[in-house]
Amino acid sequence: RRWPHLANAGKYALAFVVIGLGAFHPDVFSAKASESDSWDAMLRSASAYQTVWLVFAIVSTLVTYAWDVGMDWGLGRKNYRMLRARKMYARVEYYYAAVALDLVFRFLWVLTLIPT
């Protein structure tokens, strides 16, 4: 069974690309945008390199999130209201909150990788 192992390796490969692009960037948001500028101004002045980094960061985060929820936690089963058959907690709200918070925290973590 290669499926889960190759997909898991792909997930890690995406994360390594994000880290590598962040570590070896030629320059961070160009000098045209100072620290006091808005995100909008910084994105307008972003180079192609930073755009590629951003795309990989978003894709990597979404793939890792989907892996967390579907493979690691066993959630996302349609016939169980997007949960799983056997639950550890009686309140389903805990599961839905964990799924939502995982996505939020994954993107917050990616913000720490933005090359500065």
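Rule-based calculations on the coordinates, nothing more; no lab input. This one's a predicted model, so the numbers in the text were calculated from it and none came from an experiment. Counting neighbours? That spans all protein chains shown, and the Cβs are built from the backbone with ideal geometry, glycine included.
Worth pointing out:
- Packing-based order for 10-21, 84-95, using average beta carbon neighbours within 10 Å, highest first: 10-21, 84-95
- Highest-first arrangement of 74-82, 49-57, where packing means the average Cβ count within 10 Å: 49-57, 74-82
- Annotation: amide H-H contacts under 5 Å for TRP73 (H modelled 1.01 Å from N, sequence separation of 5 or more, or interchain): none.
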